[in-house]
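Take a look at the structure set out below.
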Amino acid sequence: MAIVSLRPVIDANLRAVLNLKVNEAQNGFVAPNAISLAEAALEPKAWYRAIYADEAPVGFVMMYEDTEKPTYYLWRYMIDANHQGHGYGYQALQLVIERVKRRPQASEMTLSYVPGEGSPQPFYQKLGFVDTGEVHDGENVMRLELDSRGIAPEEIIRGPITHLVLFKLKEPTEENIAAALQQLRSLDGQIPSLRSFRVGADLIRSPRSYDIGLMTMFDDLAGLQEYQVHPLHLPVAAYMRENCSAIVSTDYD
């Protein structure tokens with residue numbers, strides 16, 4: 001099965017994201033991505049990502065997030081017509097929900113949909129959203145109660161976070177070090193919240209040395225938490241745990 005991930009929309013993938021389209025019967029339920037990106041450019045509280053299946057862009061998601069109220073609203077969500085029916089939409093929205101759970105004071109997530117035959121209401125219902133009975137601008141409102149209230153205001157770490165990890169391998173042969181470095185380097189540029197990435201093998205080889213050092217940087221604590229549970233990071237973390245006798249880390253601003 002393809003690995004589903006959420007990635008920033010940048011120059012390199014912008015055209016591909018703009019070319020994603022739902023099938024003709026769904027046109028009345030979601031705006032084109034060109035309109036969504038234009039709206040996001042004018043709204044500072046917009047958070048948006050391209051949805052990828054392995055290395056192929058297959059969809060688009062956009063949230064409206066106001067951490068002070070707090071409000072977490074699924075503003076846009078679409079999967080390209082050629083990529084529907086593979087479970088990508090379900091997996092991607094699970095990633096979005098997990099991200100929202102870690103946002104400040106997040107107790108619920110809302111969305112709205114255009115009612116009618118073929119509407120996405122059953123899809124959202126499978127993920128736990130329920131109709132509230134409210135109608136906003138002709139769209140029915142749904143709500144998902146979250147099992148976490150997110151980060152309390154006093155717990156929010158503001159500003160960049162540096163995440164430093166040192167690994168001591170069980171068997172630090174050249175081959176094993178190279179294999180571990182390959183695993184870690186596979187994360188570079190693949191996780192949306194990852195802003196800076198550096199990894200390397202120890203050169204000194206002193207008795208107190210660790211074999212590999214990894215330094216990553218994130219915009220904030222939520223970005224680090226998103227990275228830690230990302231589906232691309234989890235198997236790499238499991239590999240390192242299995243092959244290391246010791247792992248130490250520190251996080252600082």
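The values are calculated or read from the model by the stated rules, or taken from the named source; none is laboratory data. All values derive from a computational prediction rather than experimental measurement. FYI the Cβ positions are ideal-geometry reconstructions off the backbone, even for glycines, and counts take in every protein chain you see.
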Hits in segment 59-88 - residues which are without any contact (Cβ under 8 Å) to a residue 40 or more places away in the chain and of a type in the set (A, V, I, L, M, F, W, C): MET62, MET63, LEU74, TRP75
Selection within segment 89-108 - closer than 12 Å to VAL61 by Cβ and either in contact with a Lys or Arg (Cβ under 7 Å, 6 or more places away or on another chain) or free of Cβ contacts under 8 Å to residues at least 40 places away in the same chain (or both): GLY89, LEU93, GLN94
Only listed residue being modelled with pLDDT under 90, assigned to a loop (DSSP other than H, G, I, E, B) and either among the charged types (D, E, K, R) or out of contact with any strand residue (DSSP E or B) (no Cβ under 7 Å at 6 or more places or on another chain) (or both), chosen from GLU154, GLU117, GLU98: GLU117
Within segment 157-174, considering residues that are assigned to a loop (DSSP other than H, G, I, E, B) and basic (Lys, Arg), the one modelled with the highest pLDDT: LYS170
